[in-house]
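Here is the structure we will look at.
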Amino acid sequence: MTDEILGDDTEAAARLIGYGFRPKHTPARDDSYQALIRRYQEDPDFACLVKRCAAGMGLQVVGVSARSGMVHAALPGSVFETKMDQFARQVRMREHRETERVLYGIIHLAIAALAFPRREDLGDDGYVGRVAASEVTQYVRSVCDLLSERATAADEEEDPPADAPELDRAWRVYLKRPEVAPTRTGRSGPAATRTIATRALTIPGRGATTSPWRT
């Protein structure tokens, strides 16, 4: 293989990786994108080159398909890895920052569970999980209600110690938030759980460049 051919292949691999940073850009709308995906699927050497290039950038190729396109995620320690502090700035967490982190963590877990209900879906490149913010909030609230019932049946203390409010259990924190809190403009307020779920679904991290689920 000549240096020129190697250079062309590397450039093509980089272009395919680059598409992964554009979650709204689908292969169906771009012939060049489709061609790169076909090459990835049909040429093992090219697929290996793409994975090696991605790894060198601190990314792991999660899947490549004609439907979902290139999906990659940041490896631990990667410059593309999104820390909770960075995510907090993206979603404009301000007051009660620690509480907001807990709520976003719960909702992200719920999104993953609902988007991939079966283990085999995780390994299916053609599978696209679909979940709505309302579905996420209702699911989490039903789980929290169940935990509340169990706590009541077990006569557990309902409130955290007055001198240690941070010990409040996560499900109690969630149940204290309304699902929808309409504002004067008719939009749901930032403290509502549905607003948090909507942001979690629509704000991509720097590393997990395309969410496997769709709203």
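The values are calculated or read from the model by the stated rules, or taken from the named source; none is laboratory data. In this text, all values refer to a predicted model and were calculated from it rather than measured experimentally. Neighbour counts are summed over all protein chains in view; Cβ atoms, including those assigned to glycine, are modelled from backbone coordinates with ideal geometry.
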Considering residues of segment 16-31 that are among the small types (Gly, Ala, Ser) and under 19 Å from Ala54 (Cα atoms) only, the residue modelled with the highest pLDDT: Gly18
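One line per residue, one yes/no per condition, for (1) surrounded by fewer than 15 Cβ atoms within 10 Å (Cβ to Cβ); (2) outside the structural domain of Gly18 (by TED's automatic domain parsing); (3) at positive phi; (4) modelled with pLDDT of 65 or more:
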{"site": "Val140", "(1), (2), (3), (4)": "no, yes, no, yes"}
{"site": "Glu149", "(1), (2), (3), (4)": "yes, yes, no, yes"}
{"site": "Glu158", "(1), (2), (3), (4)": "yes, yes, no, no"}
{"site": "Asp168", "(1), (2), (3), (4)": "no, yes, no, no"}
{"site": "Ala181", "(1), (2), (3), (4)": "no, yes, no, yes"}
{"site": "Pro204", "(1), (2), (3), (4)": "no, yes, no, no"}
Any hit, segment 106-122, residues being in contact with a Gly (Cβ under 9 Å, 6 or more places away or on another chain), at pLDDT 75 or above and assigned to a strand (DSSP E or B): no
Failed item, numbered, when Val131 is tested on (1) modelled with pLDDT of 75 or more; (2) surrounded by fewer than 16 Cβ atoms within 10 Å (Cβ to Cβ); (3) under 30 Å from Gly63 (Cα atoms): (2)
When residues of segment 58-74 are limited to those that are at pLDDT 85 or above and assigned to a loop (DSSP other than H, G, I, E, B), the one nearest to Cys48 (Cα to Cα): Gly58
